[in-house]
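Just below is one structure, and these are the notes that go with it.
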Amino acid sequence: MKIFIDTANLDEIRKANEWGVIDGVTTNPSLVAKEQRDFKELVREIVSIVDGPISVEVISTDSEGMVEEALDMSNWSENIVVKIPMISEGLKAVKILNKKGVKTNVTLVFSVNQALLAAKAGATYVSPFIGRLDDIGHDGMQIIHDLVQIYKLYDFKTEIIVASIRHPLHVIESAKTGAHVATIPFGVIEKMFKHPLTDIGLEKFLKDWQKVVE
Ligand code: G3P
């Protein structure tokens, strides 16, 4: 399973990239707004740090506007993947962009049917938001299980990005489903490192080694 980092924060992206654990980046308008930077400049910096797919989202809600924005963004770097919202105008845009060779990530997906339509339209990636489903009492991960099965059954090339991940257990569950990608916030990646027995064990090794030195 590939790991993308779900942030537009350059420090977080730099750190996670230095750890050698990330294969790409996903952003959204809310994450970009937090950074208070010029959008294009920010994306250019992200592209210069991470060698992998970088998802950036359109803000138009009509297909013409989405295509125009997407064509502009896709010129910023060959690694740009354009995030398109899961609405009917969005699917129209995905079909057009697919023909033009622009990679897309259909976002704000909350059901298996939505993801099925996104794949039919030719999306490169689809992003079901599992945490937001869990928040309203639905089992977000069930959608990922169903999708992995359906995409495999019909040989869809669309890759599943498990999005809206809230904690390390979501990551383990994602990996168990066979999803292609998990996009993970920085704080959750940090938690994935941690185990108290690692810290206790390292402290003891170093303490014992002191006896050898003395
Ligand atoms: O970037 C899309 C998605 O991962 C957003 O997550 O935490 O805002 O539900 P969240």
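Take Leu206 and tell me if it is outside any strand (DSSP E or B) and open to solvent by 20 Å² or more (accessible area, probe 1.4 Å). Outline the logic, then answer.
Working: outside any strand (DSSP E or B): yes; open to solvent by 20 Å² or more (accessible area, probe 1.4 Å): yes.
When the stated conditions are applied, Leu206 passes them.
For segment 128-142, which residues satisfy the criterion of being among the small types (Gly, Ala, Ser) and touching a helix residue (DSSP H, G or I) at 6+ places or on another chain (Cβ under 9 Å)? So that I can check it myself, show each step before the final result.
Residues of segment 128-142 among the small types (Gly, Ala, Ser): 131, 137, 140.
Scanning segment 128-142 gives Gly131, Gly140.
Of all residues in segment 126-139, count the ones that are within 13 Å of the ligand (Cβ to nearest atom), open to solvent by 20 Å² or more (accessible area, probe 1.4 Å) and not charged (D, E, K, R).
Number of matching residues: 1.
Just give me the residues in segment 153-202 being surrounded by 11 or more Cβ atoms within 10 Å (Cβ to Cβ), of a type in the set (Lys, Arg) and either more than 16 Å from the ligand (Cβ to nearest atom) or over 13 Å from the mean Cα position of the chain (by Cα) (or both), in sequence order. Break it down stepwise before answering.
First, pick out the residues of segment 153-202 that are surrounded by 11 or more Cβ atoms within 10 Å (Cβ to Cβ): 156, 158-192, 201.
From the residues that got through so far, the ones that are of a type in the set (Lys, Arg) too are 166, 176, 191.
If the condition is that a residue be surrounded by 11 or more Cβ atoms within 10 Å (Cβ to Cβ), of a type in the set (Lys, Arg) and either more than 16 Å from the ligand (Cβ to nearest atom) or over 13 Å from the mean Cα position of the chain (by Cα) (or both), then Lys176, Lys191 are the ones that fit.
Starting from segment 100-125, keep only residues that are of a type in the set (D, E, K, R), then list their pairs with residues that are open to solvent by less than 20 Å² (accessible area, probe 1.4 Å) and within 16 Å of the ligand (Cβ to nearest atom) whose Cβ atoms are within a distance under 6 Å, requiring at least 6 positions of separation or different chains.
These pairs meet every condition: Lys103/Val81.
So, in segment 10-31, exactly how many residues are more than 13 Å from the ligand (Cβ to nearest atom) and in a loop (DSSP other than H, G, I, E, B)? Let's see the steps before the verdict.
Residues of segment 10-31 that are more than 13 Å from the ligand (Cβ to nearest atom), as a first pass: 10-23.
Next cut, in a loop (DSSP other than H, G, I, E, B) only: 19-23.
Adding up the residues that qualify gives 5.
Only residues in segment 154-179 that are at positive phi count as the first member; pair them with residues that are within 13 Å of the ligand (Cβ to nearest atom) and open to solvent by 60 Å² or more (accessible area, probe 1.4 Å), Cβ under 6 angstrom, at least 6 apart or cross-chain, and list the lot.
Listed pairs, sorted by first residue: Ser164/Arg132.
Residues Gln142, Gln114: which one is more than 13 Å from the ligand (Cβ to nearest atom), exposed (fewer than 15 other Cβ atoms within 10 Å of the Cβ) and polar (S, T, N, Q)?
Being more than 13 Å from the ligand (Cβ to nearest atom), exposed (fewer than 15 other Cβ atoms within 10 Å of the Cβ) and polar (S, T, N, Q) holds for just one of Gln142, Gln114, which is Gln142.
Please state which one of Lys92, Lys34, Lys83, Lys40 is touching a residue at least 24 places away in the same chain (Cβ under 8 Å), surrounded by 20 or more Cβ atoms within 10 Å (Cβ to Cβ), outside any loop (DSSP other than H, G, I, E, B) and among the basic types (Lys, Arg).
It is Lys83.
Go through Ser63, Ser55 for me and flag whichever is modelled with pLDDT of 95 or more, among the polar types (S, T, N, Q) and under 30 Å from Met192 (Cα atoms).
Numbers: Ser63 fails: under 30 Å from Met192 (Cα atoms).
One residue alone meets the criteria, Ser55.
Any idea which of (1) within 16 Å of the ligand (Cβ to nearest atom); (2) surrounded by fewer than 15 Cβ atoms within 10 Å (Cβ to Cβ); (3) within 20 Å of Ile160 (Cα to Cα) is the one Asp51 doesn't satisfy?
In the conditions (1) within 16 Å of the ligand (Cβ to nearest atom); (2) surrounded by fewer than 15 Cβ atoms within 10 Å (Cβ to Cβ); (3) within 20 Å of Ile160 (Cα to Cα), Asp51 misses (1) alone.
The values are calculated or read from the model by the stated rules, or taken from the named source; none is laboratory data. Keep in mind that this is a model prediction, so the values were computed, not measured. With ideal geometry, Cβ positions are generated from the backbone for all residues, glycine too; neighbour counts draw on all protein chains shown. Side chains included, ligands, DNA and RNA excluded: accessible areas come from the protein's heavy atoms. Shrake-Rupley method; radii C 1.70, N 1.55, O 1.52, S 1.80 Å.
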